[in-house]
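The values are calculated or read from the model by the stated rules, or taken from the named source; none is laboratory data. These figures come from a predicted structure and were not determined experimentally. Methodologically, a virtual Cβ is constructed for each residue, glycine included, from the backbone with ideal geometry; neighbour enumeration extends over all protein chains shown. Note: accessible area is taken over every heavy atom of the protein model, side chains too, but ligands, DNA and RNA are not part of it. Shrake-Rupley method; radii C 1.70, N 1.55, O 1.52, S 1.80 Å.
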Amino acid sequence: MEGTLQRAQWSGTASDPKTAAELVTRLPDVRSAHVEGGRSELVLEERRRGTDLLSLVSLACSGVVSADLQAESAMVVFWMKSGVGRVDGEQVTTGRPVLFRHDRQHVQWDRFQLDLIRIDRTVVEQVAAERGAWHPGPLEFRPHHIPEGPALAAWWLMVRAVASEVLGGPTEVTVERERELTRFAAAGLLTAIPHWPVGQHEPRTAAAARFARAEGFLLDHATEPITVDDVAAAAGLSVRGLQEAFRRHHGISPTTYLRRIRLLLAREQLESGDDRSVGDVARASGFAHLGRFAGSYRDEFGVLPRETWQAARRR
């Protein structure tokens, strides 16, 4: 009989500094925490769901949280949704993923909302080895790297898919499925942040493995009129081999992956509120047919691109 795992779910709130700090220290990687009230009444809310392999956390506070973290058994990434965040005294960019190092770090979050993902470290190292054609082992990530463009879109594509299943899926899940989902999350992290084995001073160009070359080519040329044949040729793969590799690493075909990357790029530009029209944004994101773009955008996000464009101008 196939083994199963339980996705643990927990939530808590606090309105006094001591209890709030105790809630924060319950997070797996937090070593110590201190909470101070803000200008208004203190409220801290924490929610998390998942397994030891993969879990998601949401944290919000009207005050200031200071904490020491050390991510040992997992790769831990957070992103600010609002407020001000600092890691070792350096302010982080709102809406961009921040990866914690393996050693201890100090964070301060001020009147904020953030989300956080924990991905089993061993799984990340295994997936990196497969993608990079090296032996599994500890990794180094480019310090202070902030993904942008298609790499950032690939990150959010992974987060949306993982959140949908972890937060909306069943409590009991097979070990096989949870490992598949964890591998998918690992691939999203590895796509977003350049990395290489510890002791190697420079990362290989998009890594040596054929799939990594294919993915790198697709992301580098995401807004250009490329085809599956182009991606396969760039990586030295057959079209069938490319299809199988993308389904193994991302769970979808390269065509679907490219379309969803382009849609996320388009949404980010539409939400920016700049002077470009919907048509200009569509073309800049790689869509030649505006009607198909609008239909795909609605299927992906539940609204038409013009609605996103109009909402950005009302802010």
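Here are some notes:
- Average projected area [Cα convex hull, region 58-198], square nanometres: 8.7 nm²
- Carbon-plus-sulfur accessible fraction, region 145-197 (probe radius 1.4 Å, protein heavy atoms only): 58%.
- Between E22 and H135, the distance separating the two model label sites (each 7 Å from Cα on the Cα→Cβ line) works out to 4.8 nm.
- Mean projection area, nm², convex hull over Cα of region 1-137: 9.6 nm²
- The label point for T13 and the one for E176, both projected 7 Å from the Cα toward the Cβ, are 4.2 nm apart.
- Applying the Karplus relation 6.51 cos²θ - 1.76 cosθ + 1.60 with θ = phi - 60° to region 49-56 yields 3J(HN,Hα) values of 8, x, 10, 5, 6, 7, 8, 10 Hz, where x marks Gly and Pro.
- Region 123-265 - accessible surface per residue (Å², probe 1.4 Å): 45 Å²
- Computed on protein heavy atoms with a 1.4 Å probe, the accessible areas place L5, L114 in the order L5, L114, largest first.
- Label-to-label distance for H106 and E36 is 1.3 nm, based on points extended 7 Å past Cα in the beta-carbon direction.
- Overall dimensions of region 154-266 as given by Cα atoms, namely Rg and Dmax in Å: 14.8, 43
- Ordering 54-60, 72-78 by mean Cβ neighbour count within 10 Å, with the highest value first, yields 54-60, 72-78.
- All-pairs alpha carbon distance profile, region 273-315, 5 Å steps from 0, percent: 5, 25, 32, 26, 11, 1
- Comparing Cα centroids, region 24-44 and region 149-193 end up 27 angstrom apart.
- Principal semi-axes of the equivalent ellipsoid, √(5λ) from the alpha carbon gyration tensor of region 248-297, are 22, 12, 7 Å from largest down.
- Which of V123, V239 is most accessible, then next, and so on - probe 1.4 Å: V239, V123
- Proportion of all alpha-carbon pairs of the chain beyond 35 Å (%): 24 percent
- Only protein heavy atoms count here; on that basis, with a 1.4 Å probe, I146 has an accessible area of about 80 Å².
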